[in-house]
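Inspection log for the structure reproduced underneath, given as structure tokens.
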Amino acid sequence: MSEETMGDMLEKYPDKVLKNRKKHITIVDTNQACQQIEANTRTIPGIITQRGCAYAGCKGVVVGPIKDMVHIVHGPIGCAFYAWGTRRNKARADDNTPPDKIYSSLCVSTDMQESDIVFGGEKKLAKMIDEVVETFHPRAISICATCPVGLIGDDLGAVAKAAQERHGIQILSFNCEGYKGVSQSAGHHIANNNIMEYVIGTGPDRDPDEKYLINILGEYNIGADGWEIERILGDIGYKVNCILTGDSSILNIRKLHQANLNLVQCHRSINYIAEMMETKYGIPWLKVNFIGIEAVRRSLRELAICFGDEDLIRRTEEVIAREEARVMPVIEQYRKICEGKTAFTFVGGSRSHHYMHLLRDLGMEVVVAGYEFAHRDDYEGRQVIPSIKVDADSKNIPELHLTPDAEKFQEAHVHLNMSKEKYEDINKKVQLGYYEGMIPDMKDGEVMIDDCNHHELEKMIKVLKPDLVFAGVRDKYYVQKLGVPAKQLHSYDYSGPYAGYDGAINFARDITNAMTTPVWKLVTAPWEKQIQ
Ligand code: CFM
């Protein structure tokens, strides 16, 4: 996109809005050393954003997928209903969690009424907890607050504490009222803090004989992505200790500290826990991306380097060769159709970057990439974190100031069962504890956009004529009415997995179908119509 086109796109805005929105849009220029973008600031009132709220980020994203807890939504029924089952985070029974201990399909809410708003909802909440315990006997319960709870001042912590003593099970309360931040990103942070403070590390310690025990942080098993990643890692010889939080149980999360290494898939939603576990336990973390064949290859190789074990490196290459021999011929067929096509990716805080790789495997280029609620580090890389301005909104969320655990802390090289020298050598080959963000994977003239709205999306579609738009359900049908195929990249519509090798085939099939269906020949974009 040219500066001129951007000017056309923004010219409708009043001056103040124009000035604001300009800072959230960057045309990539690789000659410039460090290009900036503004992110994680308030949406301008009047602009219809695609963002969610803090409650969505806490309950809907991070806490909700924990399968063996009953998640109580304290608030009016609508908030519970809209966070119910729509994210397609799959869960199943396993050796530790029988089918009757899985509550993922439930929608549990205190259904606050006007009288509760006037007289307070604490008693109703306490009663609800008693009913839940009596009916389901869960291992643990979460309570998530919605906006009115904070406004009337119900003390969730006190209710949870009293109920915990009454029933003898863990009850976590999250003050994740929708207004706590500028987007769901605030809710991720609130969830990370409580899980770190009250759950992680409360299980038994690591068996010192476990050498290849890993956690996958920031993977939510949407459309079964997590299971496909687990399959590949298991074939190589790793043992997945816990996927946080896709298909996870509270029992697994309690022993998260046992792992030798943390992998981070979605940086935005879980980087806090990765960093805090490094501080408290010394466990190193590696940013990975299991979306796209080349990306999987790179992630698996970097992971093998981290352990520096010859057998593991050999098995990694065997699995890569076996899987690529199986899927590449299929991908090549789809590539014939997809090659040279362009796409926009506009998703929450991680996928716009992750899917660039899979689309490139198919010969496609992402010409516009954006996030709804990411922070500058997701665009520009973690080196910018110290320079990010703290504003009134970000100040709202407490930072946990952790110190190394007196008993459980070990240096990173001890976690990886190697000498300090070997660890330092590995650290030169792979960047542990770092994420480079989206910019390095973008080309000149491509657009990076933060908190994009329908007006901007429509203008860019008109000028850049993408073959496919990846976004959420709020954009999907609107984009299709413009005559452009659109795929949901949040819940994958009804499909998945899209991660790993099987996922690459599913994705290639779905997007090829989306672009080649004859229906698009019957749709005329509004700007192509002759106005009479
Ligand atoms: Fe991470 Fe996610 Fe995403 Fe996200 Fe989300 Fe999501 Fe997303 Mo929807 S945790 S940031 S808050 S990868 S629900 S599974 S798809 S917006 S890009």
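Spin-label model, residue 11/residue 317: points 7 Å from Cα along the beta carbon direction are separated by 5.9 nm. Give, as ranges by residue number, the residues of segment 375-419 whose backbone N falls under 13 Å from the point 7 Å along Cα→Cβ of residue 279. Within reach of a label on residue 279: 398-405. Projecting the Cα atoms of 527, 480, 463 onto the charge dipole of segment 454-532 (Cβ charges, centred on the Cα centre) puts 527 farthest toward the positive pole.
Report the calculated FRET efficiency for residue 436 and residue 365 (r = Cβ-Cβ distance, R0 = 22 Å), to the nearest 0.05. Rounded to the nearest 0.05, the efficiency is 0.70. If you find the alpha carbon centre of segment 258-329 and of segment 413-467, how far apart are they in angstrom? Computed from Cα coordinates, the inter-centre distance equals 15 Å. With one equal scatterer per alpha carbon and no solvent term, the Debye-computed log10 I(q)/I(0) for segment 317-455 at 0.22 1/Å reads -1.28.
For segment 337-385, the equivalent ellipsoid derived from the alpha-carbon gyration tensor has semi-axes of 23, 10, 8 Å in decreasing order. The fraction of accessible area contributed by carbon and sulfur in the chain is 52 percent, rounded to a whole number (1.4 Å probe; ligands and nucleic acids excluded).
In whole angstrom, note down how far apart the Cα centers of segment 126-201 and segment 16-81 are. Each part's Cα centre sits 22 Å from the other's.
Put simply, when 93-105, 338-350 are sorted by average Cβ atoms within 10 angstrom per residue, most first, you get 338-350, 93-105. In summary, segment 179-288 shows an alpha-carbon radius of gyration equal to 1.03 times the 2.2 N^0.38 Å reference for compact globular proteins. Round to the nearest 10 and report in Å² the accessible area of residue 434, as given by a 1.4 Å probe over the protein chains' heavy atoms. Surface open to solvent at residue 434 totals about 60 Å².
Projecting the Cα atoms of 47, 107, 267 onto the dipole axis of the chain, where Lys and Arg carry +1 and Asp and Glu carry -1 at the beta carbon, places 47 farthest toward the positive end.
A probe of 1.4 angstrom, applied to the heavy atoms of all protein chains, finds residue 3 with accessible area near 130 square angstrom.
Placing +1 on the Cβ of every Lys and Arg and -1 on the Cβ of every Asp and Glu, with no other charges, gives the chain a dipole of roughly 980 debye about its Cα centre. Alpha-carbon geometry of the chain: the Rg and the Dmax are 23.4, 78 Å, given in that order.
Counting every C-alpha pair in segment 49-159, the share spaced more than 17 angstrom apart comes to 54%. Given a 1.4 Å probe and the protein chains as shown, residue 268 ends up with an accessible area of around 0 Å².
Can you give me the accessible area per residue for the chain, using a 1.4 Å probe, in Å²? Here the per-residue accessible area is 43 Å².
For segment 238-386, the fraction of alpha-carbon pairs lying more than 19 Å apart is 63 percent, rounded to a whole number. Between residue 421 and residue 454, the contour length at 0.36 nm per residue exceeds the alpha carbon distance by 6.6 nm. Quick one: net charge around residue 258, please, counting Lys, Arg +1 and Asp, Glu -1 for every other residue with C-beta under 14 Å from its C-beta. Net charge in that neighbourhood comes out at +1.
Taking segment 486-513 and a reference point 7 angstrom along Cα→Cβ of residue 337, the backbone N atoms nearer than 20 Å belong to 486-489, 492-499, 501-513.
The modelled label-to-label distance for the pair residue 251/residue 100, using points 7 Å beyond Cα in the direction of Cβ, is 1.5 nm. If you take every residue apart from residue 53 with its C-beta less than 15 Å away from the C-beta of residue 53, what net charge results, scoring Lys and Arg +1 and Asp and Glu -1? Computed value for this residue: +2. Site pair residue 33 and residue 19 shows an inter-label distance of 2.8 nm when each label is modelled 7 Å from Cα along Cα→Cβ.
What the Cβ-Cβ distance of residue 210 and residue 494 gives, at R0 = 35 Å and to the nearest 0.05, is a FRET efficiency of 0.40.
Largest first, the residues 84, 227 sort by 1.4 Å accessible area into 84, 227. Beta bridges per DSSP, both residues in the chain: antiparallel share near 10 percent.
The values are calculated or read from the model by the stated rules, or taken from the named source; none is laboratory data. Just so it is clear, the structure is predicted and the values come from calculations on it, not from any experiment. When we count neighbours, we look across all protein chains shown, and the Cβ atoms used for this are built from the backbone with ideal geometry, even at glycine. When the accessible area is computed, the model is the full protein with side chains, heavy atoms only, and any ligands, DNA or RNA have been set aside. Shrake-Rupley method; radii C 1.70, N 1.55, O 1.52, S 1.80 Å.
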